[in-house]
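The values are calculated or read from the model by the stated rules, or taken from the named source; none is laboratory data. Source: prediction; values computed, not measured. Cβ placement follows ideal geometry from the backbone for every residue including glycine, while neighbour counts extend to all protein chains displayed. These accessible areas exclude ligands, DNA and RNA; they are computed on the full protein's heavy atoms, side chains included. Shrake-Rupley method; radii C 1.70, N 1.55, O 1.52, S 1.80 Å.
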Amino acid sequence: MDNLIALFNTILPISEEEALLIKKHLRFNRYLKRNCFNEAGKVCNKLGFVESGIFKVSSYKDTGDEYIKYFVTKGHFLIDLNSFFYNTPSSENIQALTESEVFTLTRTSFEILEKEVSNFSEIINELKQRALLEKFSIKNEMLVDDALTKYKKFISRYPNVAQSISQKHIALHLGISEYTLSRIRAKKQFLAK
């Protein structure tokens with residue numbers, strides 16, 4: 001919880017009273033592996049801040065194959081932006097890949113904080129801009145880069161994730177086969193010696 005308040009304060013200041021109000025509205029939740037934070041087809045009515053654990057944000061291609069858009073780790077937000085802010089059905093599944101701990105704000109609490117916390121809307125807008133830029137960057141990399149470059153950027157972006165999740169999930173994110181991923185990892189280990 002303090003990590004979230006500290007993050008907000010790096011963007012714009014929040015008074016002690018406002019911090020206490022935010023804390024009052026946050027709910028602590030534990031997610032077991034495979035538990036969903038949000039499901040495609042349902043409206044995303046909450047915003048989560050990951051204290052520990054790893055989540056995948058995925059959807060399905062026209063062929064029915066899963067595609068992992070990105071991973072959400074400690075210190076980052078869980079939300080389907082369009083669904084939450086426009087009250088529309090989500091096109092994304094958000095699912096825990098490890099046991100995880102999350103602080104959650106409901107839509108109702110979010111709306112109260114927008115009115116009661118002086119810089120809340122500006123802070124959220126800044127965080128949305130950062131998230132959208134990162135998503136755009138990841139999407140662009142997935143379209144343009146070769147498999148080895150994608151893997152290197154994955155390791156750079158998510159340094160602690162590779163050891164905690166399956167190769168299948170990494171391959172689904174990178175848009176490559178598990179076999180290709182195994183070859184890349186073997187090659188990198190060989191080159192590291």
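Answer with one residue from I155, M1, I112: the one whose Cα lies farthest towards the positive end of the charge dipole of the chain, charges on Cβ with Lys, Arg +1 and Asp, Glu -1. Most positive-ward Cα: I155.
Out of every Cα pair in the stretch 37-193, what percent are spaced more than 18 Å from each other? Result for the distance tail: 62 percent. Taking the protein heavy atoms of the chain in the context of the full set of protein chains, the accessible area attributed to carbon and sulfur is 51 percent at 1.4 Å. Average accessible surface for the chain: 57 Å² per residue, computed with a 1.4 Å probe over protein heavy atoms with every protein chain in place. A simple charge model with +1 on the Cβ of Lys and Arg, -1 on the Cβ of Asp and Glu and nothing else charged puts the dipole of the chain at about 980 debye relative to its Cα centre. Using Cβ point charges alone (K and R +1, D and E -1), the dipole size of the stretch 28-139 about the Cα centre works out to roughly 200 debye. For S52, the amide hydrogen comes within under 5 Å of the amide hydrogens of E101, counting only partners 5 or more places away or on other chains and with H modelled in the peptide plane. Qualifying chymotrypsin sites (Phe, Trp or Tyr not before Pro) in the stretch 125-193, where qualification requires a DSSP coil assignment and no more than 10 other C-beta atoms within 10 Å, are lacking entirely.
Among T106, T63, T149, the largest mean-square fluctuation in a Gaussian network model of the chain (Cα springs under 10 Å) belongs to T63.
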